[in-house]
Amino acid sequence: MNKYKVVVYAICKNEEKFVNRWIESMKEADKIVVLDTGSDDDTVKKLKEQNVYVESKVINPWRFDVARNEALKLVPEDTDICVCTDLDEVFEKGWREELEKVWKKDSNRCRYIYNWSLENNIPKVSFYYEKIHSRKAFSWIHPIHEVLKYEEETPENIVTSDKVILNHFPDKNKSRSSYLGLLELSVKEEPENDRNTHYLGREYMYYGKWKEAIETLKKHISLKTATWKDERCASMRFISRCYKELKQYDEARKYLDMAIKEAPYLRDPYMERALLEYSLENYEEVEKYCLKALQINTHQKTYINEPFSWDNTVFDLLAISCYHLEKYNYAIYFIDKALEFTPNDERLLNNKRIFLQKENS
(Lines give C-alpha, C1' and ligand atoms only; values in the text may rest on other atoms or scores of the structure.)
Protein backbone atom coordinates (compact mmCIF):
# COMPACT_ATOMS: atom_id res chain seq x y z
CA MET A 1 0.00 0.00 0.00
CA ASN A 2 1.24 3.49 -0.87
CA LYS A 3 2.37 5.65 2.03
CA TYR A 4 1.40 9.01 0.56
CA LYS A 5 -1.06 10.63 -1.80
CA VAL A 6 0.91 11.70 -4.88
CA VAL A 7 -0.46 14.09 -7.51
CA VAL A 8 1.22 15.17 -10.74
CA TYR A 9 0.39 18.64 -12.06
CA ALA A 10 1.41 20.42 -15.25
CA ILE A 11 0.73 23.27 -17.63
CA CYS A 12 0.47 22.77 -21.38
CA LYS A 13 -0.42 24.27 -24.72
CA ASN A 14 -0.61 22.41 -28.06
CA GLU A 15 1.28 19.32 -26.95
CA GLU A 16 -0.95 16.55 -28.30
CA LYS A 17 2.02 14.57 -29.61
CA PHE A 18 3.43 14.20 -26.09
CA VAL A 19 0.23 13.32 -24.24
CA ASN A 20 0.27 9.51 -24.43
CA ARG A 21 3.96 9.16 -23.58
CA TRP A 22 3.66 11.62 -20.70
CA ILE A 23 0.62 9.96 -19.14
CA GLU A 24 2.22 6.52 -19.39
CA SER A 25 5.14 7.91 -17.42
CA MET A 26 3.04 9.79 -14.84
CA LYS A 27 0.36 7.17 -14.14
CA GLU A 28 2.20 5.88 -11.06
CA ALA A 29 0.67 8.93 -9.33
CA ASP A 30 -2.75 8.79 -7.66
CA LYS A 31 -4.03 11.66 -9.78
CA ILE A 32 -2.91 13.80 -12.73
CA VAL A 33 -4.14 17.38 -13.18
CA VAL A 34 -3.37 19.78 -16.02
CA LEU A 35 -3.96 23.45 -16.71
CA ASP A 36 -4.27 23.98 -20.45
CA THR A 37 -3.38 27.54 -21.39
CA GLY A 38 -5.05 27.77 -24.79
CA SER A 39 -4.49 24.70 -26.96
CA ASP A 40 -6.14 24.67 -30.38
CA ASP A 41 -5.13 21.09 -31.18
CA ASP A 42 -6.32 17.82 -29.57
CA THR A 43 -4.25 18.15 -26.38
CA VAL A 44 -7.24 18.63 -24.07
CA LYS A 45 -9.29 15.91 -25.77
CA LYS A 46 -6.47 13.37 -25.49
CA LEU A 47 -5.84 14.21 -21.83
CA LYS A 48 -9.51 13.84 -20.89
CA GLU A 49 -9.79 10.56 -22.80
CA GLN A 50 -7.24 9.15 -20.35
CA ASN A 51 -8.99 10.44 -17.23
CA VAL A 52 -6.69 13.39 -16.63
CA TYR A 53 -8.41 16.27 -14.86
CA VAL A 54 -8.08 19.32 -17.12
CA GLU A 55 -9.08 22.94 -16.74
CA SER A 56 -8.42 25.63 -19.34
CA LYS A 57 -7.37 29.20 -18.68
CA VAL A 58 -5.63 31.76 -20.87
CA ILE A 59 -2.91 33.62 -18.96
CA ASN A 60 -2.62 37.14 -20.34
CA PRO A 61 -0.07 38.61 -20.13
CA TRP A 62 1.79 35.32 -20.15
CA ARG A 63 3.92 34.40 -17.14
CA PHE A 64 5.13 30.92 -16.26
CA ASP A 65 4.84 31.52 -12.51
CA VAL A 66 1.18 32.58 -12.77
CA ALA A 67 0.38 29.55 -14.93
CA ARG A 68 2.07 27.11 -12.56
CA ASN A 69 0.35 28.62 -9.54
CA GLU A 70 -3.00 28.24 -11.31
CA ALA A 71 -2.13 24.60 -12.04
CA LEU A 72 -1.13 24.04 -8.41
CA LYS A 73 -4.62 25.21 -7.36
CA LEU A 74 -6.01 22.14 -9.14
CA VAL A 75 -4.09 19.81 -6.81
CA PRO A 76 -6.35 18.53 -3.99
CA GLU A 77 -5.63 20.02 -0.56
CA ASP A 78 -5.13 16.57 1.02
CA THR A 79 -2.23 15.76 -1.32
CA ASP A 80 0.99 14.76 0.42
CA ILE A 81 3.39 15.07 -2.52
CA CYS A 82 2.99 17.38 -5.52
CA VAL A 83 4.99 16.48 -8.62
CA CYS A 84 5.36 19.27 -11.18
CA THR A 85 6.41 18.18 -14.66
CA ASP A 86 6.01 19.28 -18.28
CA LEU A 87 4.51 17.17 -21.05
CA ASP A 88 7.88 16.78 -22.80
CA GLU A 89 9.31 15.06 -19.72
CA VAL A 90 9.29 11.36 -18.84
CA PHE A 91 9.99 9.67 -15.51
CA GLU A 92 11.90 6.40 -15.51
CA LYS A 93 9.70 3.57 -14.24
CA GLY A 94 9.47 3.01 -10.51
CA TRP A 95 9.83 6.70 -9.66
CA ARG A 96 6.92 6.72 -7.22
CA GLU A 97 8.31 3.82 -5.16
CA GLU A 98 11.72 5.48 -5.01
CA LEU A 99 10.14 8.79 -4.03
CA GLU A 100 8.22 7.20 -1.19
CA LYS A 101 11.39 5.55 0.09
CA VAL A 102 13.03 8.91 0.81
CA TRP A 103 10.00 11.06 1.63
CA LYS A 104 9.20 11.55 5.32
CA LYS A 105 6.11 13.01 6.97
CA ASP A 106 7.98 16.25 7.65
CA SER A 107 9.59 16.46 4.16
CA ASN A 108 8.94 19.60 2.12
CA ARG A 109 10.74 18.96 -1.12
CA CYS A 110 12.62 16.27 -3.06
CA ARG A 111 15.80 16.77 -5.06
CA TYR A 112 16.15 14.28 -7.93
CA ILE A 113 18.01 13.65 -11.18
CA TYR A 114 16.99 15.64 -14.26
CA ASN A 115 18.49 14.63 -17.59
CA TRP A 116 17.97 17.88 -19.48
CA SER A 117 19.66 16.68 -22.66
CA LEU A 118 20.00 13.14 -23.98
CA GLU A 119 21.54 11.72 -27.13
CA ASN A 120 20.53 8.17 -28.11
CA ASN A 121 19.02 7.95 -24.61
CA ILE A 122 22.42 8.68 -23.06
CA PRO A 123 22.36 11.72 -20.73
CA LYS A 124 24.52 14.61 -21.95
CA VAL A 125 23.51 17.30 -19.46
CA SER A 126 22.26 16.21 -16.03
CA PHE A 127 21.62 18.05 -12.81
CA TYR A 128 19.42 18.01 -9.72
CA TYR A 129 15.83 19.25 -10.00
CA GLU A 130 13.55 20.32 -7.14
CA LYS A 131 10.00 20.41 -8.52
CA ILE A 132 8.58 17.76 -6.19
CA HIS A 133 7.17 19.37 -3.06
CA SER A 134 4.56 19.31 -0.31
CA ARG A 135 1.09 20.76 -0.95
CA LYS A 136 1.44 23.60 1.55
CA ALA A 137 4.00 26.38 1.92
CA PHE A 138 5.05 26.74 -1.72
CA SER A 139 4.31 29.09 -4.59
CA TRP A 140 5.96 29.74 -7.94
CA ILE A 141 7.83 33.01 -8.58
CA HIS A 142 9.45 34.73 -11.60
CA PRO A 143 7.85 35.24 -15.05
CA ILE A 144 10.29 32.73 -16.59
CA HIS A 145 12.83 30.23 -15.25
CA GLU A 146 10.31 30.08 -12.44
CA VAL A 147 11.22 28.51 -9.12
CA LEU A 148 9.38 27.32 -6.05
CA LYS A 149 9.45 29.70 -3.10
CA TYR A 150 9.21 28.19 0.38
CA GLU A 151 6.94 30.38 2.49
CA GLU A 152 7.18 28.95 6.02
CA GLU A 153 9.38 30.23 8.84
CA THR A 154 10.36 26.72 9.90
CA PRO A 155 13.42 25.24 8.14
CA GLU A 156 12.81 23.50 4.85
CA ASN A 157 13.38 19.74 4.88
CA ILE A 158 14.72 18.58 1.51
CA VAL A 159 15.28 14.90 0.72
CA THR A 160 17.37 13.59 -2.19
CA SER A 161 17.00 10.57 -4.46
CA ASP A 162 19.35 9.63 -7.29
CA LYS A 163 16.85 6.92 -8.27
CA VAL A 164 14.03 9.31 -9.13
CA ILE A 165 15.03 10.20 -12.69
CA LEU A 166 13.21 12.56 -15.04
CA ASN A 167 14.23 12.71 -18.71
CA HIS A 168 13.63 15.69 -20.99
CA PHE A 169 12.69 15.15 -24.64
CA PRO A 170 11.89 18.67 -25.91
CA ASP A 171 10.12 19.75 -29.05
CA LYS A 172 13.03 21.26 -30.96
CA ASN A 173 10.66 23.21 -33.19
CA LYS A 174 9.03 25.02 -30.30
CA SER A 175 9.69 28.76 -30.27
CA ARG A 176 11.48 30.40 -27.35
CA SER A 177 10.80 33.87 -28.77
CA SER A 178 9.01 34.99 -25.60
CA TYR A 179 11.94 34.18 -23.33
CA LEU A 180 13.94 37.38 -23.83
CA GLY A 181 11.05 39.71 -23.03
CA LEU A 182 10.09 37.67 -19.97
CA LEU A 183 13.67 37.68 -18.71
CA GLU A 184 13.88 41.44 -19.18
CA LEU A 185 10.65 41.74 -17.17
CA SER A 186 12.00 39.41 -14.49
CA VAL A 187 15.15 41.48 -14.02
CA LYS A 188 13.13 44.70 -14.08
CA GLU A 189 10.98 43.33 -11.25
CA GLU A 190 14.02 42.19 -9.24
CA PRO A 191 17.16 44.03 -10.43
CA GLU A 192 19.31 42.42 -7.75
CA ASN A 193 18.29 38.84 -8.51
CA ASP A 194 21.57 37.22 -9.52
CA ARG A 195 20.08 34.08 -11.05
CA ASN A 196 17.79 35.91 -13.45
CA THR A 197 20.48 38.47 -14.31
CA HIS A 198 22.71 35.58 -15.37
CA TYR A 199 19.90 34.07 -17.45
CA LEU A 200 19.19 37.41 -19.12
CA GLY A 201 22.85 37.89 -20.05
CA ARG A 202 22.94 34.37 -21.45
CA GLU A 203 19.79 35.05 -23.48
CA TYR A 204 21.30 38.22 -24.95
CA MET A 205 24.28 36.08 -25.96
CA TYR A 206 21.97 33.55 -27.66
CA TYR A 207 20.44 36.43 -29.63
CA GLY A 208 23.86 37.72 -30.70
CA LYS A 209 23.42 40.90 -28.67
CA TRP A 210 27.09 40.82 -27.65
CA LYS A 211 27.38 44.20 -25.95
CA GLU A 212 24.12 43.83 -24.00
CA ALA A 213 25.23 40.34 -22.95
CA ILE A 214 28.61 41.59 -21.74
CA GLU A 215 27.04 44.43 -19.75
CA THR A 216 24.43 42.17 -18.14
CA LEU A 217 26.83 39.34 -17.33
CA LYS A 218 29.32 41.78 -15.81
CA LYS A 219 26.47 43.07 -13.66
CA HIS A 220 25.77 39.47 -12.58
CA ILE A 221 29.29 38.83 -11.32
CA SER A 222 29.28 42.19 -9.51
CA LEU A 223 26.17 41.39 -7.46
CA LYS A 224 26.81 40.61 -3.79
CA THR A 225 24.38 37.71 -3.92
CA ALA A 226 26.16 36.11 -6.91
CA THR A 227 28.19 33.70 -4.82
CA TRP A 228 27.74 30.37 -6.65
CA LYS A 229 31.12 29.86 -8.26
CA ASP A 230 29.86 27.58 -11.04
CA GLU A 231 27.41 30.20 -12.25
CA ARG A 232 29.92 33.06 -11.88
CA CYS A 233 32.36 30.99 -13.95
CA ALA A 234 29.68 30.51 -16.61
CA SER A 235 29.03 34.26 -16.81
CA MET A 236 32.75 34.85 -17.28
CA ARG A 237 32.85 32.20 -20.03
CA PHE A 238 29.89 33.80 -21.77
CA ILE A 239 31.52 37.25 -21.56
CA SER A 240 34.56 35.71 -23.22
CA ARG A 241 32.42 34.24 -26.01
CA CYS A 242 30.95 37.66 -26.68
CA TYR A 243 34.37 39.30 -26.82
CA LYS A 244 35.48 36.54 -29.18
CA GLU A 245 32.58 37.41 -31.49
CA LEU A 246 33.68 41.06 -31.31
CA LYS A 247 37.23 39.91 -32.17
CA GLN A 248 38.53 41.32 -28.87
CA TYR A 249 40.67 38.29 -28.17
CA ASP A 250 42.72 39.71 -25.30
CA GLU A 251 39.51 40.47 -23.40
CA ALA A 252 38.21 37.01 -24.27
CA ARG A 253 41.33 35.44 -22.75
CA LYS A 254 41.16 37.73 -19.72
CA TYR A 255 37.67 36.53 -18.81
CA LEU A 256 38.54 32.89 -19.38
CA ASP A 257 41.51 33.28 -17.04
CA MET A 258 39.07 34.74 -14.51
CA ALA A 259 36.69 31.82 -15.10
CA ILE A 260 39.46 29.29 -14.48
CA LYS A 261 40.47 31.07 -11.29
CA GLU A 262 36.84 31.23 -10.15
CA ALA A 263 36.13 27.50 -10.63
CA PRO A 264 39.35 25.58 -11.27
CA TYR A 265 37.53 22.33 -10.44
CA LEU A 266 35.34 22.58 -13.58
CA ARG A 267 36.40 21.40 -17.03
CA ASP A 268 34.32 24.02 -18.78
CA PRO A 269 36.59 27.10 -18.60
CA TYR A 270 39.61 25.06 -19.73
CA MET A 271 37.65 23.67 -22.66
CA GLU A 272 36.32 27.10 -23.52
CA ARG A 273 39.91 28.40 -23.60
CA ALA A 274 40.97 25.48 -25.79
CA LEU A 275 38.16 26.25 -28.23
CA LEU A 276 39.14 29.92 -28.35
CA GLU A 277 42.76 29.06 -29.10
CA TYR A 278 41.67 26.50 -31.67
CA SER A 279 39.71 29.16 -33.55
CA LEU A 280 42.92 31.22 -33.64
CA GLU A 281 45.07 28.21 -34.66
CA ASN A 282 47.23 28.45 -31.53
CA TYR A 283 47.72 24.69 -31.33
CA GLU A 284 50.24 24.62 -28.47
CA GLU A 285 47.72 26.49 -26.31
CA VAL A 286 44.94 24.13 -27.42
CA GLU A 287 47.01 21.16 -26.32
CA LYS A 288 47.88 22.85 -23.01
CA TYR A 289 44.30 23.61 -22.01
CA CYS A 290 42.87 20.30 -23.21
CA LEU A 291 45.37 18.43 -21.08
CA LYS A 292 44.43 20.59 -18.10
CA ALA A 293 40.76 19.79 -18.73
CA LEU A 294 41.51 16.06 -18.73
CA GLN A 295 42.99 16.33 -15.25
CA ILE A 296 39.45 17.00 -13.97
CA ASN A 297 37.47 13.78 -13.62
CA THR A 298 34.57 14.92 -11.42
CA HIS A 299 31.48 15.78 -13.43
CA GLN A 300 29.38 18.23 -11.40
CA LYS A 301 25.61 17.71 -11.70
CA THR A 302 24.51 21.27 -12.51
CA TYR A 303 22.80 22.92 -15.47
CA ILE A 304 26.01 24.92 -15.94
CA ASN A 305 27.89 21.94 -17.40
CA GLU A 306 28.67 22.14 -21.11
CA PRO A 307 28.20 18.95 -23.16
CA PHE A 308 31.45 19.67 -25.05
CA SER A 309 33.38 19.35 -21.80
CA TRP A 310 32.50 15.68 -21.45
CA ASP A 311 32.01 14.33 -24.96
CA ASN A 312 34.78 13.60 -27.49
CA THR A 313 35.59 17.27 -28.12
CA VAL A 314 38.67 17.30 -25.88
CA PHE A 315 40.21 14.32 -27.73
CA ASP A 316 39.21 15.70 -31.12
CA LEU A 317 40.96 19.01 -30.38
CA LEU A 318 44.03 17.24 -29.01
CA ALA A 319 44.27 15.03 -32.08
CA ILE A 320 44.11 17.97 -34.50
CA SER A 321 46.52 20.06 -32.43
CA CYS A 322 49.05 17.24 -32.18
CA TYR A 323 48.80 16.76 -35.93
CA HIS A 324 49.64 20.41 -36.55
CA LEU A 325 52.44 20.18 -33.99
CA GLU A 326 53.78 17.15 -35.93
CA LYS A 327 53.20 14.80 -33.00
CA TYR A 328 51.60 12.23 -35.25
CA ASN A 329 51.69 9.30 -32.83
CA TYR A 330 49.82 11.38 -30.24
CA ALA A 331 47.39 12.56 -32.89
CA ILE A 332 46.53 8.92 -33.66
CA TYR A 333 46.20 8.09 -29.97
CA PHE A 334 43.79 10.95 -29.34
CA ILE A 335 41.73 10.38 -32.49
CA ASP A 336 41.20 6.80 -31.32
CA LYS A 337 40.00 8.14 -27.98
CA ALA A 338 37.58 10.45 -29.81
CA LEU A 339 36.32 7.55 -31.92
CA GLU A 340 35.43 5.60 -28.78
CA PHE A 341 32.54 8.07 -28.38
CA THR A 342 31.40 8.07 -32.03
CA PRO A 343 32.96 5.11 -33.90
CA ASN A 344 31.23 5.89 -37.21
CA ASP A 345 32.05 9.59 -37.42
CA GLU A 346 33.29 10.04 -41.00
CA ARG A 347 35.23 13.22 -40.26
CA LEU A 348 37.13 11.58 -37.41
CA LEU A 349 37.78 8.45 -39.47
CA ASN A 350 39.08 10.56 -42.34
CA ASN A 351 41.34 12.49 -39.95
CA LYS A 352 42.73 9.21 -38.67
CA ARG A 353 43.60 8.15 -42.23
CA ILE A 354 45.43 11.43 -42.75
CA PHE A 355 47.31 11.08 -39.46
CA LEU A 356 48.37 7.52 -40.30
CA GLN A 357 49.61 8.58 -43.74
CA LYS A 358 51.71 11.31 -42.17
CA GLU A 359 53.17 9.03 -39.51
CA ASN A 360 54.10 6.43 -42.13
CA SER A 361 55.48 8.88 -44.70
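The table below lists the values:
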| quantity | calculated |
| --- | --- |
| Whether the range 177-244 is rounded, prolate or oblate, judged on the alpha carbon gyration tensor where a/c under 1.5 counts as rounded | oblate |
| Accessible-area ranking of Asp42, Asp36, largest first, probe 1.4 Å | Asp42, Asp36 |
| Residue-level accessible surface for Thr154, protein heavy atoms, 1.4 Å, Å² | 80 |
| Mean projected area (nm²) of the alpha-carbon convex hull when the chain is viewed from all directions | 20.4 |
| Signed unit charges on C-beta, dipole axis of the range 59-191, positive-most listed residue Trp62, Ile141, Val75 | Trp62 |
| Largest-first principal axis extents of the Cα set of the range 13-167 (Å) | 42, 39, 28 |
| For the range 188-332: rounded, prolate or oblate by the Cα gyration tensor [a/c cutoff 1.5] | prolate |
| DSSP-defined beta bridges in the chain - what % are antiparallel, rounded to 5 | 45 |
| Accessible surface ranking that places the most exposed of Glu346, Glu28 first, with a 1.4 angstrom probe | Glu346, Glu28 |
| Solvent-accessible ranking of Lys105, Lys3, Lys301, Lys27, largest area first, probe 1.4 Å | Lys105, Lys3, Lys27, Lys301 |
| Rounded accessible area of Glu189 (nearest 10 Å², 1.4 Å probe) | 90 |
| Set of the range 53-97 residues, backbone N closer than 11 Å to the point 7 Å along the Cα-Cβ line of Lys163 | 94-97 |
| Prolate/oblate/rounded call for the range 1-85, Cα gyration tensor, a/c under 1.5 rounded | oblate |
| For Thr79, net neighbour charge (Lys/Arg +1, Asp/Glu -1) across residues whose Cβ lies under 10 Å away | 0 |
| Net length gained if the chain between Glu92 and Asn20 were fully extended (0.36 nm per residue, minus Cα distance) | 24.4 nm |
| Dipole magnitude of the chain about its Cα centre (Cβ charges: Lys, Arg +1; Asp, Glu -1), debye to nearest 20 | 260 |
| Rg to Rh quotient for the range 222-273, alpha carbon positions, Kirkwood Rh | 0.98 |
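The values are calculated or read from the model by the stated rules, or taken from the named source; none is laboratory data. Everything quoted here is computed from the prediction, not taken from an experiment. As a convention, Cβ positions derive from the backbone with ideal geometry for all residues, glycine included, and neighbour counts pool all protein chains shown. Remember, those area values only see protein heavy atoms, side chains included, never the ligands or the DNA or RNA. Shrake-Rupley method; radii C 1.70, N 1.55, O 1.52, S 1.80 Å.
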